[in-house]
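First up is the structure itself, then whatever we jot down about it.
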Amino acid sequence: MRFPRACTAAALVALAGAAALAQQKATPAPPPPTLTLSVQSIMRGPDLVGYPPTGLRWSGDSRDLFFEWRKPGEKESATYVLSQNTTAPRKLSDDERKLAPPAAGAWDEAHRRVLFVDTGDIVMLDTVARTRQQITRTTVPESSPRWARNETAVTFVSQNNLFIVPLASGSIQQLTDVRPRRRDVHDTDSQAFVRGQEVALLQVTKEAVEQKKLDEDKRKRDALPEFEILEKQSVSQLQLHPSETWVFLSVTERADARTTVVPNYVTETGYTEDIPSRTKAGDNQDGVRLAILNLKTRTSLFADASFAGTRKVNGKDEPRDVRWGQPMVSPDGALVIVVARSDDFKDRWIVALDPETGKTRVVDALHDDAWIREAGGGPAGGGGTGMGWMPDGHGLWFLSERDGWMHLYVVDAAKPDAHARQLTSGPFELASAEISLDRKTFSFVSTEVHPGERHLYEMPIDGGTRTRITTMTGSNTGEISPDGAMIGLIRSSATKPPEVFVMPNKAGAPMQQVTTTPVEEWRAFKWIEPEVITFKARDGVEVYARLFTPEMIGARRDRTRPGVIFVHGAGYAQNAHKYWSTYYREYMFDNLLTSLGYVVLDVDYRGSAGYGRDWRTAIYRHMGGKDLDDIVDGAKYLVQAQRVDPKRIGVWGGSYGGFITLMALFTSPDTFAAGAALRPVTDWAHYNHMYTASILNEPQDDAEAYKKSSPIYFADGLKSALLICHGLVDTNVHAQDSIRLAQRLIELRKTNWELAVFPVENHAFEQETSWADEYTRILKLFDTHLSLAPSSRAAATR
């Protein structure tokens, strides 16, 4: 009997499948490729470990969890979804992606619909109905969509003006007319006399003048409410009050300042091109003022900043400059709250604003003799923000460093004499906080367990017992589903990069891993889990650090060995923790160094994040003071506790870490035998204003702080071998910093240094070849001057 052709084909497919399965069972799977621990191999970076998943967000019905994910070898991120009752994420097509909620948007109160900007147009997505509504489709860019009229309309900004669109009709209405101030034209005395004579003598002229005035009055009645800006002013944000009586405008006043340029030598044209960059510390800075436009009376005014007091300028009392944030309006529109910060970084005010008069009332004030840490800024990521409304609509919750640690506070913003009440306390930090959709609990990410861990907690809305939700060691930040039943998490550990997990919203519930990002070659390698230790600094405080030792990979501890200290960048960052480091290439390099017999110490020096206000501000007016002491004391710890040879200690780091490396070699030359300073700040007067002036004040006012904090003034102290590496198109720390230092070293007749420049690299290197070249040089430096066997060097650089 013959089978029909279709049946035969199906049978053949089935047989082929069965044969393949049998062959698979008979033939064992080949072993995973072996990773070679060498500079060339590990500097492949994202081709090994990929990129951390980002942008966790739930659909309004809690059925789908969306996120962005870029795997090793991929050119760009894609959107993935984990749907209910599935265990594997699915990559969305371009068409499906259009119906996925954005990573950042303005959600409605029910967390069902979301507004966002897509290629310059405003879009609304209903994440339950899975529908998409195009609010605008124009050739000019729109931005800042917000809900209005009890979520039946949308406002947005376009060409410096505010517009509103009722969702039912889709008809766009312009609400404001922001325009340059008209130039006043005044007659000369002669012209004024002749004009007056014409009106007095000729009836036709008199009637024409009267008609012109009537036409102008009619034009003003029919015109949109105007807000005039001066030549150096611009409007960046506009926000409609729920009553539709007022519009709040953020007005930027451009300062007279000189902007630096960065030359770009490798260009498509073959000509050197300039990249506009930034001002330097202490130069004039743009100001930000808050204006209020009354749409009914067509009048405008600026918010009152008298609460900031005065300062002496040339012996006279002048109002202090204040930088305004965006207004936050209570659900019923009765309260308008704004955060303002002094331009000298030492004061922060939360004020209630009367939009009718522009008068302000201080709700909460915070002063720091060093500098204020912004409310909501934290040492780690996590959902939520730093401020919001309590369920009653007049209570305000916010994060503040008032007691020396970033904690949660609440204040009744409607009462003039109210005082903030602290809801969390203790020697730990809150990274962020938010209120649940049912308005009954706070959820936040905190370091309560350990400075080097991040865990998700819940707490009743009025404070009380904190319930720790996550239990696995590492970093755990998450998004709770709208129905409150599940949590989408980004978690990592010291040896495993961030991945997406899901778990029931219940303390201690098991987690299910959703993504696996690194390639098999990387996962198969046994990476070192560093020990988080503390050592005592010279002033008695305990300093946290990560420690890598050869014993961790089975080596015997029977002789002295070389040691290296890594100095993280940014200053206010944290790297001595129990989760995945953003310095992941450096982490792999630590593994390489350890395999070659080095002991590696990674120090969270004074000024690092995660240890409270006093730790953060210990570098005030002297960068390269207590922070450098901690690095030098770390070297002492290596000698005393880890049998490291005091003559064979190296140091390296990038950005702020490069700065500390220079200060170490210049001011403690007998501690370190070699150092590599990558993209270092060499003179703080040449760095950006916001970062530097907050810590050192302004150079023209505090020259001493800048001089004792800048390596270029101490270059004569160089004795040990120094490697400087810098990207030529670095728009953050300019290559000029290293070039000026090079000239200083030449003039000092120093010879034990070298400068390597990377023509196409910005502050954060991107090219694999640049990373490999840089770290080959670093390894050669340590090998040469810390006396590592040449045979080991040859193997490690291949």
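The values are calculated or read from the model by the stated rules, or taken from the named source; none is laboratory data. From a predicted model like this one, the values you see are computed outputs, not experimental measurements. Here the Cβ positions follow ideal geometry from the backbone for every residue, glycine too, while neighbour counts run over all protein chains shown. What goes into the accessible areas is simple: the full protein's heavy atoms, side chains included, and nothing from ligands, DNA or RNA. Shrake-Rupley method; radii C 1.70, N 1.55, O 1.52, S 1.80 Å.
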Practice task
Note the full-extension length gain between residue 739 and residue 271 as 0.36 nm times their separation in residues minus their Cα-Cα distance, in nm to one decimal.
Solution key: 166.3 nm
Practice task
Filter the cross-link list 220/296; 536/626; 218/296; 719/780; 91/496 down to pairs whose alpha-carbon distance in this structure exceeds 20 Å.
Solution key: 91/496
Practice task
Counting other Cβ atoms within 10 Å, keep those with at most 15, restrict to DSSP loop, and tell me which GluC sites (Glu not before Pro) in the range 115-214 are left.
Solution key: 151
Practice task
Once you have the Kirkwood Rh of the range 198-316 from its Cα pairs, apply Stokes-Einstein at 20 °C and 1.002 mPa s and quote D in µm²/s.
Solution key: 109 µm²/s
Exercise for the section: With label points built 7 Å along Cα→Cβ from the Cα atoms of residue 129 and residue 344, find their separation and express it in nm. Expected result: 5.6 nm
Problem - Eligible lysines near residue 316 by straight Cα distance, threshold 27 Å, same-chain separation 8 or greater - result: 232, 280, 346, 359
Problem - Summed side-chain charge close to residue 101 - residues other than residue 101 whose Cβ falls under 14 Å, Lys, Arg +1, Asp, Glu -1 - result: 0
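Counting only DSSP beta bridges with both residues in the chain, tell me the antiparallel percent, nearest 5.
The antiparallel fraction comes to roughly 80 percent.
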Exercise for the section: Apply 1/(1 + (r/R0)^6) to the Cβ-Cβ distance of residue 243 and residue 414, taking R0 = 25 Å, and write down the FRET efficiency to the nearest 0.05. Expected result: 0.90
Problem - FRET E, pair residue 160, residue 110, Förster distance 30 Å, beta-carbon r, rounded to 0.05 - result: 0.40
Exercise for the section: Mean Kyte-Doolittle of at least -1.0 plus a Cα span of 20 Å or more along the axis: flag which DSSP H helices in the chain meet both, please. Expected result: 5-26, 626-642, 768-785
Problem - Surrounding net charge for residue 493, when Lys and Arg each add one and Asp and Glu each subtract one, Cβ distance under 12 Å - result: +1
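Can you list the trypsin sites (Lys or Arg not before Pro) in the range 52-95 that are in a DSSP coil and have 13 or fewer other beta carbons within 10 angstrom? Don't jump to the answer; show the numbers that get you there.
On the way: sites: 57, 63, 70, 75, 90, 91; in loops: 63, 75.
Answer by residue number: 75.
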Completion exercise
Checked the range 267-357 against the a/c 1.5 cut and the a/b vs b/c comparison, axes a ≥ b ≥ c from its Cα gyration tensor; verdict oblate
Problem - Average Cα contact separation per residue, the chain, under 8 Å, 6 or more apart, as relative contact order % - result: 9 percent
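Tally Lys and Arg at +1 and Asp and Glu at -1 over the other residues with C-beta under 12 Å from the C-beta of residue 365: what net charge comes out?
Value of the local net charge: +2.
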Problem - Where the range 462-596 is the region considered: accessible area per residue in Å², 1.4 Å probe - result: 40 Å²
Problem - Correct option for Kirkwood radius over Cα pairs in Å [calculated from the coordinates] among (1) 31.6; (2) 30.3; (3) 27.1 - result: (2)
Problem - Spacing of the two label points (7 Å from each Cα toward its C-beta) at residue 99 and residue 312, in nm - result: 6.9 nm
Problem - Sequence ranges 313-326, 448-461, 486-499, ranked by mean other-Cβ count within 10 angstrom, highest first - result: 486-499, 448-461, 313-326
Problem - Potential extension, residue 784-residue 179 segment - 0.36 nm per residue separation minus Cα distance - result: 211.3 nm
Practice task
Compute the length gained on full extension between residue 193 and residue 462: take 0.36 nm times their separation in residues and subtract their Cα-Cα distance, giving the result in nm to one decimal.
Solution key: 89.5 nm
Exercise for the section: Give the cross-link partners of residue 440 among the aspartates and glutamates, using a straight C-alpha distance below 19 Å as the criterion and excluding same-chain residues fewer than 8 apart. Expected result: 108, 109, 392, 412, 458, 462, 479, 483
Handout entry: Coil-residue GluC sites (Glu not before Pro) of the range 234-335, DSSP, other Cβ within 10 Å capped at 11
Key = 268
Fill in the blank from the handout: Once both label points are put 7 Å beyond Cα along the C-beta direction, the residue 234-residue 149 separation in nm becomes 3.1 nm
Handout entry: Per-peptide average of other Cβ atoms within 10 Å, ordering 110-117, 536-543, 570-577 highest first
Key = 570-577, 110-117, 536-543
